[in-house]
1. Surrounded by fewer than 18 Cβ atoms within 10 Å (Cβ to Cβ), of a type outside the set (A, V, I, L, M, F, W, C) and under 22 Å from residue B:111 (Cα atoms), is that true of residue B:34?
2. Restrict the check to region A:22-44 and report whether at least one residue is of a type in the set (S, T, N, Q) and within 11 Å of chain B (Cβ to nearest Cβ).
3. Just give me the residues in region B:8-42 being more than 12 Å from chain A (Cβ to nearest Cβ) and small (Gly, Ala, Ser), in sequence order.
4. Is there a residue in region A:37-59 that is more than 23 Å from residue B:109 (Cβ to Cβ) and assigned to a loop (DSSP other than H, G, I, E, B)?
5. In the list B:40, B:112, which residue meets the criterion of being surrounded by 20 or more Cβ atoms within 10 Å (Cβ to Cβ) and in contact with an Asp or Glu (Cβ under 8 Å, 6 or more places away or on another chain)?
6. Please pick out the residue among B:168, B:120, B:87 that is away from chain A (no Cβ under 12 Å) and buried (at least 24 other Cβ atoms within 10 Å of the Cβ).
7. Among the candidates A:70, A:101, A:145, single out the residue that is touching a residue at least 60 places away in the same chain (Cβ under 8 Å) and touching a helix residue (DSSP H, G or I) at 6+ places or on another chain (Cβ under 6 Å).
8. Would you tally the residues in region A:109-143 being assigned to a strand (DSSP E or B), more than 11 Å from the chain's Cα centre (by Cα) and hydrophobic (A, V, I, L, M, F, W, C)?
Amino acid sequence: MNIFDVIGPVMVGPSSSHTAGAVRIGFVARQLLGEEVREAKILLYGSFLATGKGHGTDKALVAGLLGMKPDDYRIPSSIDIAEDKGMKLSFGEAVLKEAHPNTAQLYLKGVSGKTLELIGQSLGGGRINIAEIDGIETNFSGENPTLIVHNLDQPGHVSEVTSMLAHKSVNIATMQLYRSAKGGKAVMVVECDQEVPKEGIRWLERAEGVLKVTYLGKEEEK
Amino acid sequence: MTEYHSIHSLLDLCKEQEKQVWEVVQQADMEESGATEKQVFEKMRFMYKAMQQADKDYEADLKSQSGMVGGDGEKMRQFNASGKNLCSEYSGLAMEKALKMGESNACMKRIVAAPTAGSCGVIPAVLLSYEESKNTEEDELVKALFVASGIGKVVAENASIAGAFGGCQAEIGTASAMAAGALAYLQGADNEQIMQAATFALKNMLGLACDPVGGLVEVPCVKRNVAGVVNAISSAQLALAGITSVITPDDTIDSMRRIGNDLPSCLKETSKGGLAVTESARKIMERFKAPQI
């Protein structure tokens, strides 16, 4: 345990799980979308739904979608700020089976029309887990540079990604593979020790059989 | 290697290296993070400054979303100013600041989790009031924060600082122990006495339920920050008087973990027991049904 986990973090209250963690979920979702959010449908589950209003979970998620960090003074007024920016917001209840008690389900549409569906869990102390992207199970914290590749489930894509990373001298910390069905859509989640260069991401986007590439950089967060 | 995972080993390091608690805690963090002495010290100063700012930013007319919390810090300030203060000027001020910070947190203002958001009022109340009423140099208060964080780290590693795992003893209890050690340090206690102060504070809060109304960090959290402050002050005074605990610091932390495990889940931040299921709580929560989410 680090002493600055005991004294800290600096955050907007009232709850590290329901407020700070919710900001992080929104923030990671915004980074993964890769562009400004135009439309957001925000669905809450469990304790997020039951006590979210009193904890400002809705405002926290929207603040994150606007690119704010958990210590941003503007979190309480995030919904007004989003409306001023023309972001369309709707809220509701997430219908999920046996999810983590602090779960948010987000449906996002960006300014260029890009979409992202995401399920995020707040684990406590401000830490989060991204549990689903576009309907496919995932498992990552967003604390490391993370590359997410959506592709057709066919041979060769893993080696394309790992070769590109090797070529760019990026070391892989963890790697997870998921697919909806054999030969269907697959997702690769690669947590890295270094930043993945932009040209590497662009190269992947053009590769055949790759449907979508999303990247969560570390620097954008600091 | 400067490494400690118990109060005993922390005190041993102090003895071996002939250092004060804060120095050893700082040294251990330097070795772990690879940062310089100055960087680590300034990082802690940043936390202290953020506490000062949060205290300044208190707004008397703010209410929490549920309406249960707000305005009590201002009431306490007025009472203290009226000259009817029952305790010392320092203690009265610390109680006022604890309320203010807890209310600010409930009203979505910026605070420093210490160790958690729900218990964020205890440590700043004890330190900021000390700086104001006793004219202390800021560096001393930053050092006191190192003392507090060393105590908190050991509790976090051997018991818990999360209400969901250990009940409120893990939150306000830990905050109070950290604050007691910090306050004893500021008053010139030796290393042993600092840990005695922390131990008294923790012992007095063992077994405390975490039963927030509606699951919100409001009731009983905000006012319990005041209890944490007063407990810290009395514990520091006990230690400074040379009184010692029969149960050792590490045994106390150990029993805190066991009690946390033994507590039923209805008293661990689930709002399914204690104050959360009273008639008064039910009535308030009925009025505060979340319509738009």
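A short reminder: the numbers here are calculations on the coordinates, not readings from a lab. Nothing here was measured: the structure is a model prediction, and the numbers come from that model. No Cβ is skipped: glycine too gets one built from the backbone with ideal geometry, and neighbour counts run over all protein chains shown.
1. So residue B:34 fails the test.
2. no
3. Within region B:8-42, B:9, B:34 qualify.
4. no
5. Step by step, each of B:40, B:112 is checked, and only B:40 is surrounded by 20 or more Cβ atoms within 10 Å (Cβ to Cβ) and in contact with an Asp or Glu (Cβ under 8 Å, 6 or more places away or on another chain).
6. None of the other options fit; the residue is B:168.
7. Going through A:70, A:101, A:145 in turn, the sole match is A:70.
8. So the answer is 2.
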